[in-house]
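Here the structure is laid out as structure tokens; the discussion comes afterwards.
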Amino acid sequence: MTNLVPPRLLQTCVSTADRHMPLRNGGPSYNDISPGYVASSANRWHLSMHKCRNEPAKATLAECERLWLDDWIPTFLRPGFSRTQFQLLRSEPGPGGADQGFHQDNSRRGLTVLVPLCDVPVERGPTQLLLGSHALTGAGGGRRGRRGAGGGAGLVTEAFDNLGAVLPRASLHAPALRKGDVLVYDSRVLHRGLENRDSEARPCLVFRYDEEGCAPPGHGPLSTVVFRQIGNALALLARL
Ligand SMILES: O=C(O)CCC(=O)C(=O)O
């Protein structure tokens, strides 16, 4: 959605986030500033706001949430859903950077809401989405059945069963975003953060919502590897 976050609220979010992580390059290391940053891979840093004890900071950042939480998240998710993730994510440019691996945020229905705290042109490594791939899993909806439980072989079988239907429809998109835009996607959509080839970092807020009984990510080591490869294959075919 374009231009959803009003400039004043966005500016408050930016300055609050800036106190927890430097939004520009060249600052001291994250752990000097805010213990709790976790590097998920080279040049990608996450700070869970669920663990952050600074309540005013959390409240300010969560103010954004009112823009989507009451009105339309309930039109997609069943009652009883909850926010399961709230984090600051920063992907940096520089040596060692690479595209993230394709993954689902949850193998069952959920929503991911990403709020860029800066403009994200293509060279700054936006989120790349394989549209249509949500149909690989969770088509029956609801809690995990036996097949989807634990993210093991059952989930892989489910994905392969659905691959024939997904293949002709899958398409690859990495939309450039403007500060103030909000990117929302079904948590089952295979996606990844692209390498940041710019000179500036890409900071964003990530909010995730999941239905009751569908705790994320619903994947284990086996399905994580298989789904990454399915993503690579679908992306390759989508480019043809
Ligand atoms: O970097 C992005 O845009 C996507 C982030 C993501 O999917 C993740 O960290 O799990």
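The values are calculated or read from the model by the stated rules, or taken from the named source; none is laboratory data. As the structure is a computational prediction, the values presented were derived from the model and not from experiment. Reconstructed Cβ throughout: ideal geometry from the backbone, glycine too, with neighbour counts over all protein chains shown. Only protein heavy atoms, including side chains, enter the accessible area calculation; ligands, DNA and RNA are left aside. Shrake-Rupley method; radii C 1.70, N 1.55, O 1.52, S 1.80 Å.
Is there any pair linking a residue in the stretch 151-170 that is free of Cβ contacts under 8 Å to residues at least 40 places away in the same chain and more than 12 Å from residue 107 (Cα to Cα) to one that is open to solvent by less than 60 Å² (accessible area, probe 1.4 Å) and in a helix (DSSP H, G or I), with Cβ under 6 Å and at least six apart or on different chains, and which? Sorted first by the residue in the stretch 151-170, then by its partner, the pairs are 162/135; 162/136.
Could you grab me the full set of residues in the stretch 218-240 that are aliphatic (A, V, I, L, M) and under 13 Å from residue 155 (Cα atoms)? First the steps, then the outcome.
Of the residues in the stretch 218-240, the ones aliphatic (A, V, I, L, M) are 222, 225-226, 230, 233-238, 240.
Scanning the stretch 218-240 gives 222, 225, 226, 230.
Residues that are open to solvent by 10 Å² or more (accessible area, probe 1.4 Å) and either farther than 21 Å from residue 48 by Cβ or modelled with pLDDT under 90 (or both), at least 2 per element: which strands (runs of 3 or more DSSP E) completely within the stretch 133-240 meet that?
On the way: elements: 171-173, 183-186, 190-193, 202-210.
The strands (runs of 3 or more DSSP E) meeting that bar are 171-173.
Of all the criteria given as (1) modelled with pLDDT of 80 or more; (2) within 26 Å of residue 123 (Cα to Cα); (3) in contact with a Phe, Trp or Tyr (Cβ under 9 Å, 6 or more places away or on another chain), the one not satisfied by residue 41 is (3).
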